[in-house]
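Undergrad: Just passing along the structure, written as structure tokens.
The values are calculated or read from the model by the stated rules, or taken from the named source; none is laboratory data. If you're wondering where the values come from, they're calculated on a predicted model, not measured in any experiment. Here the Cβ positions follow ideal geometry from the backbone for every residue, glycine too, while neighbour counts run over all protein chains shown. What goes into the accessible areas is simple: the full protein's heavy atoms, side chains included, and nothing from ligands, DNA or RNA. Shrake-Rupley method; radii C 1.70, N 1.55, O 1.52, S 1.80 Å.
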Amino acid sequence: MPVSSSDRAQPGLLRTWRWRIAILLCLITTINYVDRLVFSVATPTLRDVFEFSNADIGTLSLAFLLAYGFGQIVAGRIVDRFGVKRVFSIAVIVWSIAGIAHAWGQGIRSFITARVFLGIGEAINFPAVFKSVAEWFPREERALAVGVVTLGVGFGSIITPPLVGWLIIDYSWQAAFVVPGLLGFLWLALWWRYYETPTAHHFLQARELAFIRAGQDTTSDEPRPAWSALLRQRTTWAL
């Protein structure tokens, strides 16, 4: 269906569903970064409580990063196969529970377990975010949409130190893990209420759907590259 120039003059932020979706994705990216940074901000307190050495802190950081890195290798395929809404929901539940579980940590082993599950869950965030942006935005708006979504990285980094410091000082170090973890479940209520693909979205008007579909990429019939082919490329190793 052709889209006229007047149809392409879409209202901006908050007045169309695609930008509301972008803000929803920005919120979860903010929560994602808050959850992953709580441990770093709370490290001095955890050193005192559990007598963690520098090597212990390094091991705990490595546990998260390895799980996060390996998780991202398979995250894209999982999102493609099972869909953004379902996979993102499971990921947020996993990383939120893992974040909260830190509050019941008893030592290095229990913290390693929590860090690993946090990394696995959080690895889904950006593959799912970018898949959603590809589904909801025409090519000409995707760079701006990604910019809006990745504001969450900065917001999370700014919010975490004062939030965690306040929770530790006024409540406890356990609260510093529990409260951010609960934010994911609050976000899930909005996610399940308002997120669908554009073609299945109950509130999306036909005019905006036509605008989105007119700017989508055409489907390619090329097969997926094999891992053996990817590993022969220098860009893969650089990444």
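Undergrad: Determine how many Å³ per residue the convex hull of the Cα atoms of segment 96-186 encloses.
TA: 101 Å³
Undergrad: Could you tell me which helices of the chain pass both thresholds, a Cα extent of 27 Å or more along their own axis and a mean Kyte-Doolittle hydropathy of at least 1.0, with helices taken as whole DSSP H runs?
TA: Long hydrophobic helices here: 139-170, 173-194.
Undergrad: Shifting gears a bit: Compute a Gaussian network model of the chain, connecting alpha carbons closer than 10 Å, and tell me which residue from Val84, Val74, Val179 fluctuates the most.
TA: Val74
Undergrad: Applying 1/(1 + (r/R0)^6) with R0 = 30 Å to the Cβ-Cβ distance of Ala226 and Gln106, what FRET efficiency is obtained, to the nearest 0.05?
TA: 0.10
Undergrad: Sticking with this structure for a sec: Give me the 1.4 Å probe accessible area per residue for segment 61-116, excluding ligands and nucleic acids, in Å².
TA: 51 Å²
Undergrad: Let me ask you something else. Counting Lys and Arg as +1 and Asp and Glu as -1, what is the net charge of the other residues whose Cβ lies under 15 Å from the Cβ of His201?
TA: Once all neighbours under 15 Å are counted, the net charge is +3.
Undergrad: I've got another one for you. Top to bottom by accessible area (1.4 Å), largest first, where do Thr236, Thr16 land?
TA: The most accessible residue leads, giving Thr236, Thr16.
Undergrad: Another question about this same structure. Given a 1.4 Å probe and every protein chain left where it sits, what share in percent of the accessible area of the chain is carbon and sulfur?
TA: 64 percent
Undergrad: Here's something else I'd like to know. Let me know the Rg and Dmax you get for segment 62-135 when you use only its Cα atoms, in Å.
TA: 12.8, 43
Undergrad: Please find, in a Gaussian network model of the chain (springs between Cα atoms separated by less than 10 Å), the residue of Asp80, Asp170, Asp35 whose mean-square fluctuation is greatest.
TA: Top of the fluctuation ranking is Asp170.
Undergrad: Please arrange Ile108, Ile97, Ile28 by accessible surface area, largest first, computed with a 1.4 Å probe and ligands excluded.
TA: So the residues, ranked largest to smallest area, are Ile97, Ile108, Ile28.
Undergrad: Let me ask something else. Contact order normalised by length for segment 122-239, with contacts defined as Cα pairs under 8 Å and 6 or more residues apart; what percent is it?
TA: 35 percent
Undergrad: Okay, moving on. Would you calculate, for the chain, the mean residue ellipticity at 222 nm contributed by helices, counting each DSSP H stretch of 4 or more residues as -39,500 (n - 2.57) and dividing by all residues, to the nearest 500?
TA: Theoretical 222 nm ellipticity from helices: -25500 deg cm²/dmol.
Undergrad: Still on this structure: What whole-number distance in Å separates the alpha-carbon centres of segment 65-80 and segment 104-124?
TA: Using only Cα atoms, the two centres lie 16 Å from each other.
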